[in-house]
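Q: Let me begin by handing over the structure; questions about it come next.
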Amino acid sequence: MENINNVTEFILLGLSQNKKIKNFCFLLFLFCYIAIWLGNVLIVISITYSQLIEQPMYFFLNYLALSDLCYTSTVTPKLVTDLLEERNTISYNSCMAQLFAMHFFGGIEVLILTVMAYDRYVAICKPLHYTVMMSRRKCDAMVFACCIGAFLHSFVQCLLTINLPFCGPNEIDHYFCDVYPLLKLACTDTYRVGILVVANSGMMGLVTFVVLVLSYILILYTIRNHPAKSRSKALSTCSSHITVVILFFVPVLFIYIRPATTLPEDKVFALFYTIIAPMFNPLIYTLRNMEMKNALRKVWC
């Protein structure tokens, strides 16, 4: 079928059309976005200007905070400004750019979380080999591999969407441009494209989640016979990471692992991985981590 595209812009229906709800959401998400910036910038500066940057776990946490900032900034500023507008539109090119950026930075976050789980696995299960297996050179290579993997994932996702013909309607029942709502608007059969999207996004999320779960099962198995003090320290460090993984992965898997359909609940679940998780990550990693607390005191006090 010839790729006919008569659509130059899309209309974003957003979270609600109720004026009072929109005003409340504006204040709520503006506060969340400010909190995301304050929390993640605080983490980046505190790690960069302290000795923690030499430790692989905090080296990766630094990049996780940066990816959080970039990831949420592809969606949240437009969401907040759109809540003040009567009619919310986004050009076709901006929509595709947002789709690419969101999946690129989201992909980096998914892969960084996986690398952080690997770091904890090596630290707890193979402590004698830790300095060799997690040298700075290898850590740099892992971060670079995360960026390459995220780029390939996002490129495929965007390529599948750009090749779709859009000839009307142009209303997206979401607050940002994502692949499933766009598939719904395409004026062609999208069954095969939907399968490829699930294979790309869904399987990426599922495989990384399984790897994360397996790594923590191995960690729990390894520390079962450790002294109570060292076991408590290991569990405390890992529990923060597990909390972040649950906040991010559960809604992601709910949306992307199923067949290519849209549900009314998708917008609510999307809030968790685009806004809620990036906002809570700094709190989770600082409030339950004594080393981060000490670094914060040294840098800021």
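Q: Going by the alpha-carbon gyration tensor, a ≥ b ≥ c the square roots of its eigenvalues, is the stretch 171-301 rounded (a/c under 1.5) or, if a/c is not under 1.5, prolate (a/b greater than b/c) versus oblate?
A: oblate
Q: For the chain, what's the relative contact order in percent, using C-alpha pairs closer than 8 Å and at least 6 residues apart?
A: Averaging sequence separation for qualifying contacts and normalising by length gives 27 percent for the chain.
Q: A follow-up question, please. Taking the convex hull of the Cα atoms, report for the stretch 257-301 its projected area averaged over all directions, in nm².
A: 4.6
Q: Determine the calculated [θ] at 222 nm for the chain from helices alone, applying -39500 (n - 2.57) to every DSSP H run no shorter than 4 residues and normalising by the residue count; nearest 500 deg cm²/dmol.
A: -23500 deg cm²/dmol
Q: Can I ask one more? Can you compute the equivalent ellipsoid semi-axes for the chain, i.e. the square root of 5 times each eigenvalue of the Cα gyration tensor, sorted largest first and rounded to whole Å? Can you show the working numbers first?
A: Values: eigenvalues 272, 100, 52 Å².
In descending order, the three semi-axes are 37, 22, 16 Å.
Q: For Lys126, list the lysines whose Cα falls under 20 Å from its own Cα; do not include residues on the same chain fewer than 8 positions away.
A: Lys138, Lys229, Lys233
Q: Ok, one more. Given a 1.4 angstrom probe, what's the average accessible area per residue across the chain, in square angstrom?
A: Details: 14840 Å² over 301 residues.
Ligands and nucleic acids excluded, the figure is 49 Å² per residue.
Q: I'd like the distance separating the alpha-carbon centroids of the stretch 116-170 and the stretch 25-100, in whole Å.
A: Cα centroid of the stretch 116-170 versus Cα centroid of the stretch 25-100: 18 Å apart.
Q: Amide H of Leu12: which non-local residues (sequence gap of 5 or more, or other chain) have their own amide H closer than 5 Å, using H built in the peptide plane?
A: Long-range HN contacts for Leu12: Asn88, Thr89, Ile90, Ile172.
Q: Give me the log10 of I(q) over I(0) for the stretch 63-137 at q = 0.13, 0.16, 0.20, 0.21 Å⁻¹, as the Debye formula computes it from C-alpha points; what are the numbers?
A: -0.56, -0.70, -0.89, -0.93
Q: Straight distance only, please: which aspartates and glutamates reach the Cα of Lys267 with their own Cα at less than 17 Å, same-chain residues fewer than 8 apart left out?
A: Partners within reach: Asp82, Glu171, Asp173, Asp178.
Q: Can I ask one more? Determine the share of the chain's accessible area contributed by carbon and sulfur atoms, expressed in whole percent, with a 1.4 angstrom probe.
A: Solvent-exposed carbon and sulfur of the chain make up 69 percent of the total.
Q: Give the peptides 75-84, 10-19, 177-186 in descending order of average Cβ contacts within 10 Å, highest first.
A: Result, highest mean first: 177-186, 75-84, 10-19.
Q: Test of understanding: in a Gaussian network model of the chain with alpha carbons linked when under 10 Å, which of Asn23, Asn88, Asn281 would top the mean-square fluctuation ranking?
A: In this elastic network of the chain, the residue with the biggest mean-square fluctuation among Asn23, Asn88, Asn281 is Asn23.
Q: If contacts are Cα pairs under 8 angstrom and at least 6 residues apart, what is the relative contact order of the stretch 200-274 in percent?
A: Relative contact order of the stretch 200-274: 43 percent.
The values are calculated or read from the model by the stated rules, or taken from the named source; none is laboratory data. Please read these numbers as outputs of a predicted model, since none were measured by experiment. Here Cβ is always computed from backbone atoms with ideal geometry, including for glycine, and neighbour counts include all displayed protein chains. These accessible areas exclude ligands, DNA and RNA; they are computed on the full protein's heavy atoms, side chains included. Shrake-Rupley method; radii C 1.70, N 1.55, O 1.52, S 1.80 Å.
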